[in-house]
1. Taking the Cβ of Leu94 as the centre, find all other residues whose Cβ is under 14 Å away and add up their charges (Lys, Arg: +1; Asp, Glu: -1).
2. Using modelled backbone amide H atoms (1.01 Å from N, in-plane), which distant-in-sequence or interchain residues come within less than 5 Å of Phe114's amide H?
3. Long-range amide H contacts for Leu24: which residues qualify at under 5 Å (H placed 1.01 Å from N, peptide plane, sequence gap of 5 or more or a different chain)?
4. Can you list the HN-Hα couplings for region 113-127, worked out from phi with the Karplus curve (6.51, -1.76, 1.60; θ = phi - 60°), rounded to whole Hz and with x for Gly and Pro?
5. If you keep only loop residues by DSSP, which trypsin sites (Lys or Arg not before Pro) in region 64-164 have at most 12 other Cβ atoms within 10 Å of their Cβ?
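Only the coordinates and a few stated rules stand behind these numbers; no lab work does. Fair warning: this is a prediction, and the values are worked out from it, not measured in the lab. For neighbour counting, all protein chains shown are included, and Cβ atoms are generated from backbone atoms with ideal geometry for every residue, glycine included.
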Amino acid sequence: MNNCKKYKSYFFFDAVAEKIYNLLYVPEKFINEIEIPQTTLLGGKYIFFQTGRIGDSEKFDIIFEAIQEKKENFDPSDFRVNQKMIIYPLSKFLEDISIRNVDFKRYCFEEMDFNVVVPNCCRWFENDEFFYIKTSIAHNKSELIRVKVSDNGVERKEIICSLN
């Protein structure tokens, strides 16, 4: 994906099919929040998108430091961080993009606020399922989660185990 701010247009380039798609119909605010370096192809079948303007390790460091310094005076409203994780089946994404019907909400499986961290090292893709460890900093709790996505959206999201 690439943006051309001079003309306020956003494009997706499919190098295999040698096609360029205009994403003008997708809200600009959402496109601006997609972290291009975090966009990856999973198993050749799915595209993983992440939104947000701060990396997981940066968010963890900033919030952990603030909790340590402020202790009981820590105010979560000081942090306006909202991140989303999306897995879109590649064939469905290419179909939807060609008919100008991309629906990121349908494939969004995680929305994280200030106190939730999902480090890059704690995510993996295996057998058409996405696994990740989600940690709540404020509650000092982690969960191993498994997500299954189909062409119709998030098919299943389940917590495999919780650690306190």
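1. Numbers: positive: Lys19, Lys45, Lys92, Arg100; negative: Asp14, Glu18, Glu95, Asp96, Asp103, Asp151.
Once all neighbours under 14 Å are counted, the net charge is -2.
2. Val81
3. Under 5 Å from the amide H of Leu24 lie the amide H atoms of Tyr10, each far enough along the sequence or on another chain.
4. Per-residue couplings from phi come out as 9, 4, 9, 10, 10, 10, x, 4, 6, 10, 9, 7, 10, 7, 6 Hz.
5. Working: sites: Lys70, Lys71, Arg80, Lys84, Lys92, Arg100, Lys105, Arg106, Arg123, Lys134, Lys141, Arg146, Lys148, Arg156, Lys157; in loops: Arg80, Arg100.
For trypsin sites (Lys or Arg not before Pro) across region 64-164 that sit outside H, G, I, E and B with at most 12 neighbouring Cβ atoms in 10 Å, the list reads Arg80, Arg100.
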